[in-house]
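Reviewing the structure listed below.
The values are calculated or read from the model by the stated rules, or taken from the named source; none is laboratory data. As the structure is a computational prediction, the values presented were derived from the model and not from experiment. Note that each Cβ is placed from the backbone with ideal geometry, even for glycine, and that neighbours are counted across all protein chains shown.
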Amino acid sequence: MGRQPRVVVDGGYYHIVTRGNDRRKLFRCKRDYDFFLKVIKRYLLKFQVSIIHYCLMPNHVHILVRADRAGDLSKFMQGILQVYAMYFRREYGSSGFIFQNRYKSMHIDSDSYLLDCGRYIERNPLRAGLAVDLSDFVWSSARFYAQGAANGIIKSANPLYLELAGTKDGRRKRYAQRLLEARPYEHIVDKEFRI
């Protein structure tokens, strides 16, 4: 039985997750994370997609993306994953699949979940015990939203983030507080993506 085709719409928001094959590490050192982000930056220039939130975990990746042009989303993901897989094989003398299956994507069709999805993505290092303070975890967009740190990946903020407060400092403070709040649905999303 064949795979179900993805339904992608122009301007749609998607929570994308991809994982290392057999849950193996995708990123073994800083150079790996840096290379993956460099590839993302390159492909953002080629395709009409915008990354709104992201988090690179050692064995999986979360991206909240807006597909400005629906047809570009799969090309964008195919490009970054293929280039990274080639890099990984060359760097570590690996063979076979680097990523487990094709990436998973969930269409976000409600404004009420759009900001919480980004929050869920950025809380991953806390929940996995990789960070006690998210400002110490540099491989996500949390510092962009909570501290205003530029990163070259996020060009425009989550539209609902802009509604948190009337000032930049107010938004950053409110968002930083939100990042610390656990939500019961986090385990449901983990189960859906089999993380």
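Let's see how each residue does on (1) over 17 Å from residue 130 (Cβ atoms); (2) modelled with pLDDT of 95 or more:
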| position | (1), (2) |
| --- | --- |
| 1 | yes, no |
| 5 | yes, no |
| 8 | yes, no |
| 22 | yes, no |
| 26 | no, yes |
| 31 | yes, yes |
| 41 | yes, yes |
| 45 | yes, yes |
| 48 | yes, yes |
With 166, 152 as the choices, which residue is of a type in the set (Gly, Ala, Ser), in contact (Cβ under 8 Å) with a residue 12 or more places away in the chain and either under 19 Å from residue 59 (Cα atoms) or part of a loop (DSSP other than H, G, I, E, B) (or both)?
-> 152
What are the residues in region 65-95 that are in contact (Cβ under 8 Å) with a residue 60 or more places away in the chain and under 24 Å from residue 128 (Cα atoms), if any?
-> 81, 88
Name the one entry in 91, 122 that is over 17 Å from residue 49 (Cα atoms) and touching a His at 6+ places or on another chain (Cβ under 7 Å).
-> 122
Here are some conditions: (1) under 19 Å from residue 25 (Cα atoms); (2) modelled with pLDDT under 85. Residue 111 meets all but one. Which one does it not meet?
-> (1)
Strands (runs of 3 or more DSSP E) lying entirely in region 41-132 (those with 1 or more residues that are surrounded by fewer than 20 Cβ atoms within 10 Å (Cβ to Cβ)) = 49-56, 104-108
Output the number of the condition that residue 141 fails; it satisfies all remaining conditions of (1) at pLDDT 90 or above; (2) of a type in the set (Ser, Thr, Tyr); (3) over 15 Å from the mean Cα position of the chain (by Cα).
-> (3)
Which of (1) at pLDDT below 90; (2) of a type in the set (Asp, Glu); (3) under 17 Å from residue 15 (Cα atoms) is the odd one out, the single condition residue 133 does not satisfy?
-> (3)
Is there a residue being in contact with a Cys (Cβ under 8 Å, 6 or more places away or on another chain), more than 14 Å from residue 77 (Cβ to Cβ) and not charged (D, E, K, R) anywhere in region 18-40?
-> no
Selection from region 27-40 of residues in a loop (DSSP other than H, G, I, E, B) and either among the acidic types (Asp, Glu) or closer than 16 Å to residue 93 by Cβ (or both) yields 28, 29
